[in-house]
Every structure is written in C-alpha cells, then in structure tokens.
Amino acid sequence: MGALVEEFVHPTFLSFSVIAARLLFAALLGALIGFEREWRARPAGLRTHILICVAAATVGILTVEISHSTAFVGREVQLDPLRAVEAVTAGVAFLAAGSILFDRGKVQGLTTGAGMWLAGAVGLSSGFGLWQIAGFGTFLILVVMGLLHSFEVKLGIAADKQGDGEKRDRKDDLDGRC
C-alpha cells in the first residue's frame, strides 16, 4: 500500500505551485486568444484555444519533468526537449488544418488555424516557464487578430465584411423570389 501512495505523491522537479501557475497562465492566455475568435463567431473559439494552450503547456511541463527525472539514470536514453516542441507543433497543425475550408473558390479559416497554431506556441512557452514570450506572443496575436481586423474593416478589405455583403446580396435575391 505504501508503494501505491508513494506513486501518487511522486516528487517533481517543479513545485506543484509552479506547475499550477504555468497551467493557469496558459489557460488565461488561451482564453484571451479564444475570446477574440468567439467574439467574431469563428468555429474554434474560447474552449478550443484554452484546451490547445493548456495541452501544449502540459507537454512543456512534462518535458521539463522528464528531463530531470531519475527514472532514466544509468540507461542509454537520449532526451531531446525539441521533440516535444515538434510534437505539439505537428499536433496543433493537424487541428488547425481541419479548420481551413475551401469553398466556392474561397479559403476560410486561415486566421483561425494560424491562431490555433500560435496558441500552441503560447502554451509551450508558458509550460516551459517562458512567461515573457507567452505573454508578449499573446499580445501580438490579439493586436493582429483584433486591431488589424478593425483596420481592414475601415479600409473595406476585411474578408468577413465582404462575406457579409455577399450574404446580404444572396438574401436579397432570395427575398426577391418570394
């Protein structure tokens, strides 16, 4: 019974409070990114971006823990933290690619896909304890997706503004038939 209890209180390199802070920070940053997508009524929103950030942060924390683990002492094991970065990048890229649609000669979802990919990078940064990179990366994401979108709308070049006009035109056509 003692071995079982010991297994659940396994010592970690990082303290639990640091692990919790990194995961909560990733969740917060993911929420900020996801809120912008949710606000614009895009398919991948708040929950998706939070989950991506927290998952990537968890992989980052696990990478730190594994690299400091005594489980591999005396064994010929090569640990490469970059493999975790590559795995998260590939996994999130797979999800992001699923959000990109090509319909009627138009590509949709590129910004959402890119945001998901960046959410993974923000999560990894948070998991590795690189708070400044995670925070500033999130800030830049919000500037690009928020402020630049507003600028595009003012110039009349925003893709979703053009799409709204087409929807109105199609609705007008349908109303004219009735």
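The values are calculated or read from the model by the stated rules, or taken from the named source; none is laboratory data. Just so you know, these numbers come straight off a predicted model, no measurement behind them. Cβ: placed from backbone, ideal geometry, glycine included. Neighbour counts: every protein chain shown. Keep in mind that these areas ignore ligands, DNA and RNA; they rest on the heavy atoms of the full protein, side chains included. Shrake-Rupley method; radii C 1.70, N 1.55, O 1.52, S 1.80 Å.
Search the range 38-69 for residues being among the charged types (D, E, K, R) and not in a loop (DSSP other than H, G, I, E, B), and hand back the single one that is most open to solvent (accessible area, probe 1.4 Å).
In this case the residue turns out to be Arg47.
Among the residues of the range 62-95, those that are in contact (Cβ under 8 Å) with a residue 40 or more places away in the chain and more than 22 Å from Thr12 (Cα to Cα) comprise Val92, Leu95. Between Phe8, Phe13, Phe72, Phe35, the distinction of being open to solvent by less than 80 Å² (accessible area, probe 1.4 Å) and aromatic (Phe, Trp, Tyr) belongs to Phe72 only.
Residues of the range 130-157 that are of a type in the set (Val, Ile, Thr) and part of a helix (DSSP H, G or I): Ile133, Thr138, Ile141, Val143, Val144, Val153.
Each residue in the range 34-92 was checked for being modelled with pLDDT under 80 and touching a His at 6+ places or on another chain (Cβ under 6 Å), and 0 of them qualify.
Among what's in the range 111-132 and is over 14 Å from the mean Cα position of the chain (by Cα), surrounded by fewer than 18 Cβ atoms within 10 Å (Cβ to Cβ) and among the hydrophobic types (A, V, I, L, M, F, W, C), pick the residue that is nearest to Leu62 (Cα to Cα). Ranking the candidates gives Leu130 first. When Phe25 is tested against (1) of a type outside the set (S, T, N, Q); (2) within 20 Å of Leu124 (Cβ to Cβ); (3) in a loop (DSSP other than H, G, I, E, B); (4) open to solvent by less than 90 Å² (accessible area, probe 1.4 Å), exactly one condition is not met: (3). For the condition part of a helix (DSSP H, G or I), surrounded by fewer than 18 Cβ atoms within 10 Å (Cβ to Cβ) and of a type in the set (D, E, K, R), Glu86 qualifies.
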